[in-house]
Amino acid sequence: MENRIISGSDKKTFSFTRAIRHLAHEGGNPSYELEVSAETQKRFGASSHGGIMVPLDQNVEVRAGLVTNTNSAGGFDVQTSVMSLIELLRNAMVVRAAGATVLEGLTDTLSFPKQLTPTTANWVAENPGSDNVDADLTLGNVPMSPKMLTASTSFSRKLMAQASLDVEALVRNDLIETSAIAVDLAALQCLGSSNQPTGILNTTGVNAIAHGTNGAAPTYADFVAMETAINQNNVPVSPTRAYVVTPEVLAFGRKTAKVSGQLLGAIVGDDGKINGYPSFVTNQLPKTLTLGTASDCHAGVFGNFNALMIGVWSAIEILVDPYRLKKQGMVEVSSYLMCDIAVRYPVAFSFSKYWSAALL
């Protein structure tokens with residue numbers, strides 16, 4: 001039979017895509033492409049060696065160097081579907097989980113009266129001949145007043161119109177999460193200056209654990225000392241006693257024996273507890289504190305966390321302002337939260353500030 005190449009009005013477009021999918025065993029219906037290949041082999045007396053042959057005068061679907069990572073070479077043909085958002089991994093918030101006392105719905109500035117010293121009792125003779133010396137109790141107070149926490153961002157109207165995500169809701173949720181993490185951070189380490197609350201690490205009267213001149217590695221004795229300091233100050237045992245440490249300190253405690261060379265277990269138990277108390281892990285604690293030549297020191301806290309008070313004067317308010325940046329085509333979103341931090345009993349907490357990362 002005469003060899004025939006499909007031509008003229010019978011000539012169709014040869015699809016390399018269909019042919020390649022067929023050769024890759026990915027299905028498709030390359031009947032035309034197989035017919036062209038068979039006719040070409042007859043015409044030229046050649047074998048395809050398992051491939052598909054095409055004559056030079058055949059109309060083909062032109063796709064030179066097809067790839068998806070270059071737009072001009074095929075990437076424009078690939079549709080992108082935007083899926084659900086992969087949320088940011090943030091610092092763990094720990095103080096509420098550890099048992100902090102949260103006072104919500106406040107309106108006035110607060111002052112908690114606090115007894116500082118007791119009266120004293122004396123043993124006297126039957127007829128001492130002089131009056132007992134008065135020793136009155138003394139009072140102080142723990143104040144709390146609203147401090148403003150705010151955050152702000154903006155996004156374009158074009159993004160809001162075209163994005164598959166609800167951009168405004170995304171921004172609002174991010175501001176809320178950011179504010180909550182900022183309150184947690186304030187409770188642990190804010191300075192009490194520059195309009196900030198005062199966190200545990202900077203509260204006067206909190207028990208500090210001593211270290212060497214240039215920092216030290218955590219020891220089991222450190223954790224026992226943190227607990228002992230609280231007990232020595234008559235702080236009642238509470239279900240909200242807990243440790244808060246950095247990930248690095250926790251990891252060191254898991255692999256380090258309580259007492260070197262003795263089978264007493266690791267500082268941090270398999271259940272994650274230290275001295276039988278829960279441990280909470282976060283990157284909210286500082287890791288770059290300085291002691292002597294060490295500038296990589298980590299902090300850790302132990303205490304009765306119900307003695308930590310978080311006062312909240314309002315829910316987080318989100319304000320959307322479409323006008324301030326209107327000439328730029330932008331929408332501004334801001335958040336506002338009024339809160340304060342106070343420690344009912346500073347002696348209810350102990351901290352270490354000088355666990356050197358170089359020794360972990």
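The numbers here are math on the coordinates, done by the rules we state, and not lab data. Remember, it's a predicted structure, so these values are computed and weren't measured experimentally. Every residue, glycine as well, gets a Cβ built from its backbone with ideal geometry; the counts of neighbours run over all protein chains shown.
Given H placed 1.01 Å from N in the peptide plane, which residues other than close sequence neighbours of A92 have an amide H under 5 Å from its amide H? The list, which skips near neighbours in sequence, is N283, Q284.
The HN-Hα couplings worked out from phi for region 232-238 by the Karplus form 6.51 cos²θ - 1.76 cosθ + 1.60 (θ = phi - 60°) are 5, 9, 6, 6, x, 5, 9 Hz, whole numbers, x standing for Gly and Pro. For the residue pairs K114/K147; K258/K287; K158/K327, the alpha carbons lie more than 19 Å apart in K114/K147; K258/K287.
Kirkwood hydrodynamic radius of region 94-171, from the reciprocal of the average inverse Cα-Cα distance over all distinct pairs: 19.7 Å. Loop-located chymotrypsin sites (Phe, Trp or Tyr not before Pro) in region 302-343 (DSSP state not H, G, I, E or B) with no more than 11 neighbouring Cβ atoms inside 10 Å: Y323.
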